[in-house]
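In what follows, a single structure is set out as structure tokens and then discussed.
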Amino acid sequence: MKTKIFFLTLFFLSVSFFLFSQQPQDLISQGDELYAEMKDIATANKALAEYREALKKAENKYEAYWKIARMMYFIGDHTESKKEKKSIFSQGIYHAKKAVELEMEKPDGHYWLGVNYGVYGEAKGVFKSLALVKPIKKEMNKVIELNREYEDGGADRVLGRVYFKLPGIAGGDKKKSLEHLLKSKELGPEDALTRIYLADTYLALKEYDKAREELEFVLNMESDPCWISSVTEEQKAEAKEMLQKKEFKKKKK
């Protein structure tokens, strides 16, 4: 009995030592592996836990900060409650700001700061979040300056959507939206979200054939349940729903 207890104690001490001795970069790598295969909130939370543990242990906390900010975007985006969304995106903003403070000349912190500003604003409502427009533009223009290809033209995708969503009186501009989204499409032609946004802008500009082309491209893409895939079933469903709009039905006649 004593021997059994001894070996059990030794086992638990070994496991505890292993967990304690994990290096920050190992934790980051484990978080990255989980991030790459995210299909549900449980996996996303596991990835987040790895990044948070890395943040505690790392001397240079930049990578952990921006990757936590990125996780907050995905977790918030898959959360139903607007109140919870705002709380999650606020945490994303906090961590992204910390990343920017550490590395002003790298795109990651700027990009995820701008993205979290944007989704936080959406959760609040357009007119309640107009004050965030300037910060979003600032961060995305910085990403364009540093690395326009980042996240498959992500900065142009965000700016294109901002110009589309804003009322004209607040700086909305469908032509600027089109300019940015076409650039994003050039940099990331397989990104379904860019093409859905582009279809929205084409519809607003009454270019129905071009809008249809973008949506049909999305429907013909091979879907993947992973959250970070080029196209998800949810995006395909959105494209299919958009094709039911009356503008397309008129065009068929």
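Just a few scattered comments:
- Members of segment 193-218 found to be among the charged types (D, E, K, R) and buried (at least 19 other Cβ atoms within 10 Å of the Cβ), listed by number: ARG195, ASP200, ARG212, GLU214
- Of all residue pairs spaced 6 or more apart or on separate chains, those with beta-carbon atoms under 7 Å, a first member in segment 142-153 that is outside any helix (DSSP H, G or I) and a second member that is modelled with pLDDT of 95 or more are ARG148/ALA155; ARG148/LEU187; GLU149/LEU187.
- Condition met for LEU132 (of a type in the set (A, V, I, L, M, F, W, C), in contact with a helix residue (DSSP H, G or I) (Cβ under 7 Å, 6 or more places away or on another chain) and closer than 18 Å to TYR73 by Cα): yes
- Scope segment 59-86; condition surrounded by fewer than 16 Cβ atoms within 10 Å (Cβ to Cβ) and of a type outside the set (D, E, K, R); matching residues: ASN60, HIS78, SER81
Every residue, every condition in (1) under 23 Å from TRP227 (Cα atoms); (2) over 19 Å from the mean Cα position of the chain (by Cα); (3) at pLDDT below 95, yes or no:
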site	(1), (2), (3)
GLU122	yes, no, yes
PRO167	no, yes, yes
LEU187	yes, no, no
ARG195	yes, no, no
ALA211	no, yes, no
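- Qualifying residue in segment 131-139 (condition: of a type outside the set (A, V, I, L, M, F, W, C), in a helix (DSSP H, G or I), touching a Ser or Thr at 6+ places or on another chain (Cβ under 8 Å) and within 29 Å of LEU178 (Cβ to Cβ)): no
- Scanning segment 128-182 for residues that are of a type in the set (Ser, Thr, Tyr) and over 19 Å from ILE196 (Cβ atoms) yields SER129, TYR150.
- Out of SER177, SER184, sole residue that is surrounded by 17 or more Cβ atoms within 10 Å (Cβ to Cβ), within 25 Å of LYS67 (Cα to Cα) and not hydrophobic (A, V, I, L, M, F, W, C): SER184
- Meets criteria (under 14 Å from the mean Cα position of the chain (by Cα), within 25 Å of ILE75 (Cα to Cα) and either part of a helix (DSSP H, G or I) or β-branched (Val, Ile, Thr) (or both)) for ARG161: yes
- Within segment 200-225, residues that are in a helix (DSSP H, G or I) have Cβ atoms under 9 Å from residues that are polar (S, T, N, Q) in these pairs: ASP200/SER177; THR201/SER177; ALA204/SER177; ALA211/THR201; GLU214/THR194; VAL218/GLN235, counting only partners at least 6 apart in sequence or on another chain.
- For the residues TYR117, TYR94, the requirement of being in contact with a Pro (Cβ under 7 Å, 6 or more places away or on another chain), within 22 Å of ASN141 (Cα to Cα) and part of a helix (DSSP H, G or I) singles out TYR117.
- Residues (among the polar types (S, T, N, Q) and surrounded by 18 or more Cβ atoms within 10 Å (Cβ to Cβ)) located in segment 29-58: GLN30
- Residue within segment 62-79 that is in contact with a helix residue (DSSP H, G or I) (Cβ under 9 Å, 6 or more places away or on another chain), among the hydroxyl-bearing types (Ser, Thr, Tyr) and assigned to a loop (DSSP other than H, G, I, E, B) present: yes
- Check on ALA123, surrounded by 23 or more Cβ atoms within 10 Å (Cβ to Cβ), of a type in the set (A, V, I, L, M) and in contact with a helix residue (DSSP H, G or I) (Cβ under 6 Å, 6 or more places away or on another chain): no
The values are calculated or read from the model by the stated rules, or taken from the named source; none is laboratory data. Model, not experiment: these values are computed from the prediction. Please note: Cβ atoms are built from the backbone with ideal geometry, for glycine as well, and neighbour counts cover all protein chains shown.
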